[in-house]
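Everything on this sheet refers to the single structure shown next.
The values are calculated or read from the model by the stated rules, or taken from the named source; none is laboratory data. Because the structure is predicted, anything quoted here is derived from the model rather than measured. As a convention, Cβ positions derive from the backbone with ideal geometry for all residues, glycine included, and neighbour counts pool all protein chains shown. Quick note on the areas: whole protein, heavy atoms, side chains included, nothing else; ligands and nucleic acids left out. Shrake-Rupley method; radii C 1.70, N 1.55, O 1.52, S 1.80 Å.
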Amino acid sequence: MAVCTVYTVQTLNSTCSISNPNKTHLGFHQKQVVLYRTSKKIKKQSTFTCSAAKEKTVVIGLAADSGCGKSTFMRRLTNVFGGAAEPPKGGNPDSNTLISDMTTVICLDDYHSLDRTGRKKEGVTALDPKANNFDLMYEQVKAIKEGIAVDKPIYNHVSGLLDPPELIKPPKILVIEGLHPMYDQRVRDLLDFSIYLDISDDVKFAWKIQRDMAERGHSLESIKASIRARKPDFDAYIDPQKQYADAVIEVLPTQLIPGDNEGKVLRVRLIMKEGVKYFNPVYLFDEGSSISWIPCGRKLTCSYPGIKFSYGPDTYFGHEVSVLEMDGQFDRLDELIYVESHLSNISTKFYGEVTQQMLKLSDFPGSNNGTGLFQTIVGLKIRDLYEQLIAAKAAASLQATKA
Ligand SMILES: Nc1ncnc2c1ncn2[C@@H]1O[C@H](COP(=O)(O)OP(=O)(O)OP(=O)(O)O)[C@@H](O)[C@H]1O
Ligand SMILES: O=C(CO)[C@H](O)[C@H](O)COP(=O)(O)O
């Protein structure tokens, strides 16, 4: 359990980071100094120095079950912002954090309150809220959003233990990815934008088998057993979060091949909530219309079973949404430019940017289908949202200075 001590400071009202000799991280915000720490009480007689007020961090949430492509999506997203994403330099080699110039991605597995042995003893899975510390998750994400560095715990996936914490400094964009970014309302309310990767059971199974058998040496039976064991908690605690997401990427088996269960050709739907500030849903041809488009012709090479796009308005958990769908896969990625040129509101900075991004990362899984395409587009939408948020904050603070 985190110890959070609040000091009231009458004279300071800016936001800044402070560190004290106890190696804890403190910050001033709204006339308060707040201490975040994962263990023990902090001595109140610390001396600290204060740096200038900083830009606040934009927080993005990405939810999905394990093995559903979060890491792949994160690599696409950080690439949109440029610069390589790497684990903290000189830190724990088993850290789950990825840092680039603009973004820091933290994995919410780090807020497991029970380690592997503890979960076994209590008979709970990592998906169960009882195995996670939402109070600490909330306190630390809030602190980072306010410009305060924190000592975040590390869940070590190699040993199954909770390792000593690592320092997370406030980045421009913080992405919290994992099982529960939208489970706790307090954490959910801190998100500036949220995404849910909704991978159907058949596809999840195919991806998990491919990774856990080929890369991790698990047997088919043990993979099946692990999927079965997680399913009730997945349905109870993870899946319901999709109702809160601003964008959902739904991955289903193709409808172009009757009875297909190979999971190689995919039908992917990008479900975009209407009315989200700084987020204008992407559309095909004509905003708000219902469209069905088979682009296979002179400009796009399609082998069996072809490609089909659909677009139109819908409702999702009672919210108005726009849905863009792609079923099938590209034969030649460079021809994606033809599709891109028919999409609007994709938040590119130049003609062909989606195609360029896809070509750059063509060796990533899903680059020839709607998973890669929609992840890339969501990445560009997040960049746009970030730029709009920062511009709005700058305008507001200029206004405040004038007043
Ligand atoms: N769009 C995709 N198309 C095909 N395979 C994919 C796609 N995205 C991910 N995969 C495969 O699924 C597996 C899991 O992907 P990834 O590691 O990105 O998921 P994750 O959600 O981060 O997993 P975990 O939480 O377990 O670390 C990998 O083998 C990857 O190759
Ligand atoms: O659902 C998961 C999130 O990625 C993991 O299963 C959970 O974090 C437990 O990890 P491990 O199996 O390495 O102990």
Checklist entry - Any idea what Rg and Dmax come out to for segment 281-403 if you just take the C-alpha atoms, in Å? => result 17.3, 64
Checklist outcome for this item: antiparallel share of DSSP beta bridges within segment 161-282, to nearest 5, in %, is 60
Checklist entry - Does anything in segment 244-272 have its amide N under 16 Å from the 7 Å Cα→Cβ label point of Glu287, and if so which residues? => result 272
Checklist entry - Over what distance in Å are the Cα centres of segment 165-188 and segment 363-403 separated? => result 17
Item to check | Where labels lie 7 Å past Cα in the beta-carbon direction, separation of Glu274 and Ala236 in nm | outcome: 3.6
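Scaled to the compact-protein estimate 2.2 N^0.38 Å, what is the alpha-carbon radius of gyration of the chain, rounded to two decimal places?
Normalised Cα radius of gyration, the chain: 1.04.
How high is the relative contact order of segment 237-334? Use alpha-carbon pairs under 8 Å, at least six apart in sequence, and give a whole percent.
Details: 174 pairs, mean separation 28.2, N = 98.
Relative contact order for segment 237-334 comes out at 29 percent.
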Checklist entry - Roughly speaking, to the nearest percent, how much of the chain's 1.4 Å accessible area is carbon and sulfur? => result 51
Item to check | Dipole magnitude of segment 181-263, debye to nearest 20 (Cβ charges: Lys/Arg +1, Asp/Glu -1, about Cα centre) | outcome: 300
Checklist outcome for this item: Per the rule of 0.36 nm per residue minus the C-alpha distance, extending Ser344 to Asp189 adds in nm 52.9 nm
Next on the checklist: Using only the Cα atoms of segment 185-307, what are the Rg and Dmax in Å?
Outcome noted: 18.1, 52
Checklist entry - Counting only heavy atoms of protein chains, what accessible area per residue, in Å², does the chain have with a probe of 1.4 Å? => result 46
Item to check | Gain in span if fully extended, Ala394 to Leu333, counting 0.36 nm per residue against the direct Cα distance | outcome: 18.1 nm
